[in-house]
Amino acid sequence: MRSDWEVFQHLATRGLAAGPGGGIPDLENALGLVRGKPFDGQDCPWADSVQQKMLSRIVDVAHTLAAWHTDGDSPDLDAARHAALRGLDIDETAEVL
């Protein structure tokens, strides 16, 4: 059995390793798996550290994707904005976004 989080981590790791030349599709697919803030509305004290780790990883992926979309000779500002907003949907306090 696999979880969306496991698939997210795999895609994020592979995308980041590939760099902007080939990793953008993997990062976009990883963000596409995110459906709301992890453990939102749940009262699970055991999940606090897990939730923070997940939020950090999602924000890192969104930030990297937004940055990669703005680099190069023909930046895709709409895609960069979408990635940043997706990250802010998950963590509205993420200053990096």
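The values are calculated or read from the model by the stated rules, or taken from the named source; none is laboratory data. The structure presented is a predicted model; accordingly, all values stated were derived computationally and were not measured. Using ideal geometry, Cβ is built from the backbone for each residue, glycine included, and neighbour counts are taken over all protein chains shown.
Points to keep in mind about this one:
- Residue in the stretch 34-55 that is outside any loop (DSSP other than H, G, I, E, B) and closer than 20 Å to PRO20 by Cβ present: no
- Scanning the stretch 1-60 for residues that are among the hydrophobic types (A, V, I, L, M, F, W, C), loosely packed, with under 13 Cβ neighbours inside 10 Å and at pLDDT 95 or above yields a total of 1.
- Just one of the listed residues (GLU28, GLU6) is under 12 Å from the mean Cα position of the chain (by Cα), under 30 Å from ASP71 (Cα atoms), of a type in the set (D, E, K, R) and not in a loop (DSSP other than H, G, I, E, B), and it is GLU28.
- Subset of the stretch 61-78 (residues that are surrounded by fewer than 17 Cβ atoms within 10 Å (Cβ to Cβ) and either in contact with a Phe, Trp or Tyr (Cβ under 9 Å, 6 or more places away or on another chain) or among the charged types (D, E, K, R) (or both)): ASP71, ASP73, ASP76, ASP78
- Residue within the stretch 72-86 that is outside any helix (DSSP H, G or I) and of a type in the set (Asp, Glu) present: yes
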